[in-house]
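The values are calculated or read from the model by the stated rules, or taken from the named source; none is laboratory data. Values in this document were obtained by computation on a predicted structure and should not be read as measured data. Quick reminder, even Gly has a Cβ in these numbers, built from the backbone with ideal geometry, and neighbours come from all protein chains shown.
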Amino acid sequence: MALDSQKTEGFKQIGTRPDRPDGVDKVTGRARFGADMTAPGMLWGVIVRSPHAHARIVKIDTSKAEAMEGVKAVVTRADFSDAITPAPGMRGEMWNVLENVMADEKALYDGHAVAAVAATSQLAARDAAKAITVQYEVLPHVTDVDKAMEDGAPVIRDGTAEASVPEGMHPNVVRYHESGQGDLDAGFAAADLVIEETFKTEATHQGYIEPHACLATLGGDGKGELWCCTQGHWNVQKVCAALLGLETSQLRVTASEIGGGFGGKTAVFIEPVALALSRKANKPVKLVMTRSEVFRSTGPTASTSMDVKIGMTKDGTITAAQGIFRCQGGAFPGAPMEFTAMCSFAPYNLKAVKQIGYDVMTNRPKQAAYRAPGSPMAAFAVESVIDELCNKLGLDPIDTRLKNASREGTQANFGPKWDRIGLVETLEAAKAHPHYATPLKPGQGRGISCGFWFNHGGETAVMLALSEDGTAQLAVGTPDIGGSRASMAMMAAEELGIPYENVRCTIADTASLGYNEISHGSRVTYASGLATIEAARDAVKKLCARAAAKWGIPEDAVKWEDGCAVPSGPNAGDHDPLPLAKITAKMGATGGPIVGHFEATPEGAGVSFATHIVDAEVDQETGKTNVSRYTVVQDAGKAIHPTYVEGQFQGGAAQGIGWALNEEYIYGEDGRLQNAGFLDYRIPVASDLPMIDTVIVEVPNPGHPYGVRGVGETSICPPLAAIANAVSNAAGVRLKQLPMSPPRILKALGKHG
Amino acid sequence: MQYHTPATFEDAAKIAFDAQGITRFLAGGTDVLVQLRSDLVEPDTLIDVKKIEGTNNITKNADGSWTLGVAVSGAEMSEHPELGNDWPGLVEAMDLIGSTQVQGRATLTGNLCNGSPAADSVPVMFATGATVSVTGPDGTREVAVEDIPAGPGKTNLAKGELVSAIHIPPRGQGGGDAYLRFIPRTEMDIAVVGCGVNLRVDGDTITEARIALGAVAPTVVLVPDAAAAIVGTKLDDAALDALAAAASAACNPIDDKRGTVEFRTHVAGVLAKRAAKIAYDRAKG
Amino acid sequence: MSKIHVTTTINDDEVEFLCDPRESLLDVLRDRLSLTGAKEGCGTGDCGACTVTVDGRLVCACLMLGAEAEGKSIGTVEGIATDEELHPLQQKFIEYAALQCGICTPGILVAAKNLLERNPDPTETEVRYWLAGNLCRCTGYDKIIRAVMDTAAEMREAS
């Protein structure tokens, strides 16, 4: 999208750090999250889940449960729409969602839902769930991505593969991606050193602290209300309507406060089940996942197996690069292998590059987006090889990356030419940072990595209604997952020229705005921000028109300055500035309500690059890693509320540290998840981490009125590689598998076994 | 589930003896409630012992020994002005269990009777030579701590029996104890390996030692060979190497989600050396 | 199954309730007393989102039975602010953006307040270890630690 007027300085609000509007609610316990809502006459729902990784469902006996005191409804797959049919690959996505929400003929992973019950109390529902007996015929299973591609591996679902998958591959390989350019053979031949390595990463979970929760009401008349914690309630509305055979508009969905999502709450899991129970019982049903259910049954990210080959000359020029990325995304298509492939070499200007991706199905839960889905793993593999090349050739890791860096006009590894981008600026800022100049202590290693994420625009609708007293009500449709209401209110206040405190931003329900895409792809501050600015400008235009009418001059002879309509141009005449509140005070008598709108699909989301610096030390006797210093440098385009931008940088780094060192899905021989809780799924705790330093680089995005780029996701792209490089440099041995757990590091050090 | 709050250990023992199905005793609840919530164990009878008089007391006896009530929390142990001077390793081991929140509730007795081979307070309890009072239908007897665990999640207590007090011996002259564990994070994990050391010195020479390992066998294990490796030495490098070798040799661990056989075996030796050095320094004052 | 009658004190108010013996204090607070400030993040004492005080000591409300509340004095996030005034920690958390999603915030505030009552001048390491049982997935803890340290400094100056 070409913008006729971009403003990147001279702001009154933008770049300041006001208190968030929902702050008091959240520090007093008043804020209502998914599980905090109740309804009169409400029942509690509980889902029965498969204990098997792969099993045919022979029989489900619900009779004992149904006879129990307080039980009001039991549902199975038969209670959902049968109008949705399977199709290959992502074309059958709605059927895939239905199949994931409630199993049909087969349970496809440990934790797959097979039935559900609603009763008058949570305890009664739990007791009833235990009384539902399911007879299974256990089938062979596979959970590892490489094993799932081997001849003879159990077939998850035949006929799922898209036509693009090369012939002769196992039916579990369901989608294929290939992109690149140039002559690889010539490129590798021109290199002084070629390194080719294989890397593996385990699946990690988004690890939001709030389990999925919803409160559903659905009557036999097909009219429903749904309250849930989600990153995208219009998507929930659309999916639930399809799965239950409802008219979309008859289901009103309200997004609760959301206790973390990171991509994991872009998908629908329990909401259709709660609605089905409610429809059957004709009462509201509350359904809240346990932590164990969250780990077993919602989407972790893909696990990967990757081969990366890079050639470099002695002066640090990359001559050719190739990556093969095998990603498993559970028992359904959708592992983000094309993102893995496309992000892999995005930071570099490459004449010869090729990337291949495979989407592989296994007996694991359906993967869901996790903060820049697919990109962090690619960076781990690619940036590790670059680090190794730098080590072997005696090159500085930042200078080498600068030498090969993508810039404006560079042809990207996956085709298009880059617009204005800020990679070089992040590398230069990292090089100039005191961290990079600080000498390492004995036993420490330093790691550098770049990272890339596309960012996204997407369907967006915003409404800004002015009140008689001159304040503004801003309704946006993207759930606030990290303080976005503050930045929306700041942008509206900036445009209207009124104090920040005079704008109240709320997340509207599905009945109050047009369709809004999910809060994903780092799109909120970009797309809802753009929409807010445009809606405010629409309101300003109407305010100017009222002033023009009052003054009896043409509308184009009025302009908006500092919250006032002022006459502009030679024939406008001499009128005192008319403040916003004076116009709105009379709006009832001068044409009625003044409301600004924006409904469109912004397509100018600028990509974002980052460079991270990490220092780590490794206990050579136990293999334990300590991250001692961490610096994030990232291009934000324009930081609307810098404190929350820093928060995104720090949060992504912290999640990356967990992914790199300790977090992993551990499956037993029986295909069951061994660590479905925060005790053994080890996310970083406060005492694990250092302070995380941040540098906000601002290279304006040409596609946003103020130059905003999304910042939420790029921050998790470099940490895996940056930490792996630091740990490898500290340990003196290259770590090629995540997590770099103490047993794995000790083994690499050759200290045992 | 029936919930009882008896006023005496004798009443508690009687309720337990008469109960049908699964019985659990509730002190800090940090294991019982987790098992209940996770559908692992739903007791038919739950006996809360905290209403019994004296269960929150920490008492230093005339001979210098200590008696700890069964509901004494980790936080109460850490905050006690004297216990940590005598037995810093024991107090530190207890303090390692879980979060600040868990410390407000978790107890030595619960940690022992939960029967986990990875229980943090148990190796050092073994090393101190602690005993427990066990009250049952036939009265109260005193049992060595190392006779309580029987295997993962199991104890040697009979139906109707419960631990009614913990006794820690007098510290005496020239003594020092220590506990170290390996966890992948800095907090909140279950020990992958744990090592408790208690020793006594005469001048620079170690005259007595008891060493126990956690998470390397079906129960916490005393390792007499490890103790023998350092008794009579000044904890020089050769003694430390012998200690590490003896500790590793005593390991009979499993591969699981927390660690491998090789890792546990190796790190048991590393921790034994490190813990012995701390205990030795403490013993020398 | 017969219910247990419990009389307790919550945020200085006397409260009575009936509960099933299997219900945790957290179940009772949230589902019987509508005090939904304490959150259930795990139900197993691993995340700290349900942190409350019981007779002045930090406890995960999910690791205590409702029946055990008899005769106790319980403090929750709803009791931190007095009248119209936020507690200094609450103010600082907003100012520092020490929360993003806010689900862990009630537990962290209860825990941090308890720390400052016991130790008005904690080191960064002491704050980090005290709060190690309170998981936050959004912030990387940086701004939380800074907010607690700065609140402590301000409260020391004010006293």
Assess whether A:E669 counts as being surrounded by fewer than 24 Cβ atoms within 10 Å (Cβ to Cβ) and under 30 Å from A:A429 (Cα atoms).
no
Quick one: B:A106 ticks every box in (1) away from every other protein chain (no Cβ under 14 Å); (2) within 18 Å of B:K50 (Cβ to Cβ); (3) of a type in the set (A, V, I, L, M) except a single one, so which number is it?
(1)
Residue check: is A:A653 under 27 Å from A:G529 (Cα atoms) and modelled with pLDDT of 95 or more?
yes
Since A:R709 meets every condition but one in (1) surrounded by fewer than 24 Cβ atoms within 10 Å (Cβ to Cβ); (2) over 21 Å from A:H433 (Cα atoms); (3) under 21 Å from the mean Cα position of the chain (by Cα), which condition does it not meet?
(1)
Taking the condition of being closer than 20 Å to A:C717 by Cβ, not assigned by TED's automatic domain parsing to the domain that holds A:G656 and not in a helix (DSSP H, G or I), how many residues in region A:409-434 meet it?
11
Scanning region A:724-753 for residues that are out of contact with any Leu (no Cβ under 8 Å at 6 or more places or on another chain) and in a helix (DSSP H, G or I), the one surrounded by the fewest Cβ atoms within 10 Å (Cβ to Cβ) turns out to be A:K747
Cβ-Cβ under 6 Å pairs, at least 6 apart or on other chains, region A:134-154 side touching a residue at least 12 places away in the same chain (Cβ under 8 Å), far side of a type in the set (S, T, Y)
A:V142/A:T362; A:T143/A:T362; A:T143/A:Y667; A:V145/A:S303; A:V145/A:S305; A:D146/A:S305; A:A148/A:T362
Look at region A:617-635 and say how many of its residues are farther than 30 Å from A:P700 by Cβ and aliphatic (A, V, I, L, M).
2
Residue by residue through region A:637-679, note down the ones that are aromatic (F, W, Y), under 16 Å from the mean Cα position of the chain (by Cα) and at the interface with another protein chain (Cβ under 10 Å from one of its Cβ atoms).
A:F649
I'd like the residue in region A:22-35 that is more than 7 Å from chain C (Cβ to nearest Cβ) and assigned to a loop (DSSP other than H, G, I, E, B) and, out of all such residues, is nearest to C:E78 (Cα to Cα).
A:R30
For the list (1) within 14 Å of chain C (Cβ to nearest Cβ); (2) in a strand (DSSP E or B), I need the number of the one condition that B:L213 fails.
(1)
Quick check: anything in region A:179-198 within 25 Å of the chain's Cα centre (by Cα), among the hydrophobic types (A, V, I, L, M, F, W, C) and farther than 30 Å from A:T254 by Cβ?
no
I'd like to verify a number: residues in region A:680-705 that are more than 8 Å from chain C (Cβ to nearest Cβ), part of a loop (DSSP other than H, G, I, E, B) and either of a type in the set (S, T, N, Q) or touching a residue at least 60 places away in the same chain (Cβ under 8 Å) (or both), how many?
10
Among the listed residues B:V261, B:V267, B:V220, identify the single one that is touching a Phe, Trp or Tyr at 6+ places or on another chain (Cβ under 7 Å), under 25 Å from B:I190 (Cβ atoms), within 12 Å of another protein chain (Cβ to nearest Cβ) and crowded, with 17+ Cβ neighbours inside 10 Å.
B:V267
Taking only region A:36-74 into account, find how many residues are more than 14 Å from chain C (Cβ to nearest Cβ), part of a helix (DSSP H, G or I) and crowded, with 16+ Cβ neighbours inside 10 Å.
1
Scan B:A191, B:A227, B:A283, B:A244 and give me the residue that is touching a strand residue (DSSP E or B) at 6+ places or on another chain (Cβ under 7 Å) and within 13 Å of chain A (Cβ to nearest Cβ).
B:A191
Note down all Cβ pairs under 8 Å where the first residue falls in region C:30-55 and is more than 9 Å from chain A (Cβ to nearest Cβ) and part of a loop (DSSP other than H, G, I, E, B), the second is surrounded by 24 or more Cβ atoms within 10 Å (Cβ to Cβ) and of a type in the set (K, R), and they're at least six residues apart or on different chains.
C:C50/C:K39
Region B:64-122, subset assigned to a loop (DSSP other than H, G, I, E, B) and of a type in the set (A, V, I, L, M), residue farthest from C:L115 (Cα to Cα)
B:A118
Residues of region C:76-86 satisfying the condition of being part of a loop (DSSP other than H, G, I, E, B) and more than 8 Å from chain A (Cβ to nearest Cβ)
C:D83, C:E84
Select, from A:T230, A:T266, A:T217, A:T204, the only residue that is outside any loop (DSSP other than H, G, I, E, B) and touching a residue at least 40 places away in the same chain (Cβ under 8 Å).
A:T217
Given A:A585, A:A536, A:A549, A:A581, which one is surrounded by 12 or more Cβ atoms within 10 Å (Cβ to Cβ) and touching a strand residue (DSSP E or B) at 6+ places or on another chain (Cβ under 8 Å)?
A:A536
Hey, does region C:6-22 have a residue that's more than 8 Å from every other protein chain (Cβ to nearest Cβ), in contact (Cβ under 8 Å) with a residue 60 or more places away in the chain, on the phi > 0 side of the Ramachandran plot and surrounded by fewer than 19 Cβ atoms within 10 Å (Cβ to Cβ)?
yes
What single numbered condition from (1) of a type in the set (G, A, S); (2) in the same structural domain as A:N729 (by TED's automatic domain parsing); (3) within 27 Å of the chain's Cα centre (by Cα) fails to hold for A:A437?
(3)
Output yes when any residue across region C:125-148 is closer than 19 Å to A:I692 by Cβ, without any contact (Cβ under 8 Å) to a residue 24 or more places away in the chain, in contact with an Asp or Glu (Cβ under 8 Å, 6 or more places away or on another chain) and β-branched (V, I, T), and no when none is.
yes
Can you find even one residue in region C:90-99 that is surrounded by 20 or more Cβ atoms within 10 Å (Cβ to Cβ), more than 11 Å from chain B (Cβ to nearest Cβ) and closer than 20 Å to C:T44 by Cβ?
no
Within region A:494-517, take every residue that is buried (at least 24 other Cβ atoms within 10 Å of the Cβ) and of a type in the set (A, V, I, L, M) and give me the one that is nearest to the other protein chains (Cβ to nearest Cβ).
A:I507
